[in-house]
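A short worksheet on the structure shown next.
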Amino acid sequence: MPPPETKGILLLAHGTPQSIDEFPEFLKSIKRGGTVEEEVLNEVIRRYHSIGGLSPLIQISNDQTRELQRLLDAKCPNEFLVELGNKHCEPSIEKSAESLLAQNVTEITAIVLTPHYSTMGTGEYLNRVKDAIGQAPVKANLVKSWWNNDKFLELLALRVQSALLELPFENSAVIFSAHSLPTRILDIGDPYPNEHIGTASKVAEKLNLSKDRFKVAWQSAGMSGGSWLEPSLALCINDFVKEGFENIVICPDGFTSDHTEILYDLDIEAKHLADSLGAKTYRTKSLNADPAFIEVLADIAIHPASFDMA
C-alpha cells in the first residue's frame, strides 16, 4: 500500500519580540511600517518589563506546534507536517508556507491560533498564506474561525467552572474578554463581535449562568486613539462592582496563550483596578499547550471542511 499523501498544517501566531532590541521593528510591523512614537515604545517596554522582560508567547507557540505534530503522528501516522508561522516575527508566515511547499505537501490547512474571525486579524493572516502559496499546485484550506467547536467551548466552560468552584457563588460573576478592534469594522459587517458574543453565550449556557452574572467585554485597545469596541473590560469590572459582585472571573476566550494581553492587561492592570474598587479578579488558566486544547487543534487539522473557510 502506498504511503498517504502528506498534508501541511500551518499554525499562525501573532509573534513577539525575542529581545528588547527587537521592540522598535516589532511595533513598526504592527503599525504596518508607520512611525512608532517614543512614548508608545517606552510604555510597551515597561509593560514587558513588568511581566519579566519578555513574553512567553514564542515558546508557547512552539510548544503548541510540537504537541500538535505529536498528536497527529499518533492519530494519523506520516500524514501531517506541522509548522508555525508568525505574523510579526520569525519564522514568518511566508517562510513557513514555503517550507511546507518545499516538502511537497499536497494541501495546506492554515489555522490561526485565535478562535474568532476578523478582517483586521485572522483575515490578514490568511491573506498572507494565500499570497505565499500563490499558484502552487496544492489545496489550500484557510480556516476562518473555529469558535463554535464544541470541544473548545467545553474546555472554556471547564476553566470557568473550576474558577467559580473556588469562590462563593452568590457574589461572583464572569467576564468574557477578547481583543478590542476599531469600531470601523462594524461598518463592513465584520463577524468578529458576534463570534465573541456567541462564544460567551454558549459557555454561559453550558454553565447555566444567568444573564446578570456574565458580561462580554473588549480589552487591550490600541494606544493610537480613535474609537474602539465597547464595553471595555474596565467598564465591565466597574459595573459588576456597582452591582454588588466582589469576585470577578475573567475568561479571555479570544486568546489561546499567555502573553502581554493576558499577563499584563489582565493579571496586573485589571487586577489593580478591581483591588482599587474593593473586589478581586480571578483569571481562567490559559489554554497554551494543554492536551485538551491540542485535541481541538487536531480536530481542525483533520477535518478542516467542518469549519468556516475563507
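Quick notes on this structure:
- Helix 57-75 vs. the chain, principal-axis angle (Cα, 0 to 90°, nearest 10): 50
- Whole-Hz ³J(HN,Hα) from phi, Karplus 6.51 cos²θ - 1.76 cosθ + 1.60, for the range 202-215, glycine and proline x: 5, 5, 4, 5, 4, 9, 6, 7, 6, 4, 7, 9, 9, 9
- Part-to-part distance (alpha-carbon centres) for the range 1-64 and the range 188-230, which is given in Å: 24
- Beyond 15 Å, the tail of the calculated P(r) for the range 191-233 holds 50 percent of the Cα pairs.
- Trypsin sites (Lys or Arg not before Pro) within the range 244-310: DSSP coil, no more than 15 neighbouring Cβ in 10 Å: 285
- Ranked by the mean number of other Cβ atoms within 10 Å per residue, highest first, peptides 48-58, 141-151 order as 141-151, 48-58.
- In this structure, the residue pairs whose Cα-Cα separation is over 31 Å, taken from 31/151; 130/206; 7/87; 130/151; 75/211; 139/285, are 31/151; 130/206; 75/211; 139/285.
- For the peptides 111-120, 289-298, the ranking by mean Cβ contacts within 10 Å, running from highest to lowest, is 111-120, 289-298.
- Interchain or long-range residues, amide H under 5 Å from residue 81's placed H: 7, 8, 9
- Spin-label pair residue 171-residue 102: with each label point 7 Å from Cα along the Cα-Cβ axis, the two points sit 6.0 nm from one another.
- Structure-based [θ]222 nm, the chain - -39500 (n - 2.57) summed over DSSP H runs of at least 4, per residue, nearest 500: -12000 deg cm²/dmol
- Reducing the range 75-124 and the range 254-273 to their Cα centroids gives an inter-centroid distance of 26 Å.
Coordinate-derived values only; no laboratory data. Since the model is a prediction, treat every value here as computed from it, not as a measurement. No Cβ is skipped: glycine too gets one built from the backbone with ideal geometry, and neighbour counts run over all protein chains shown.
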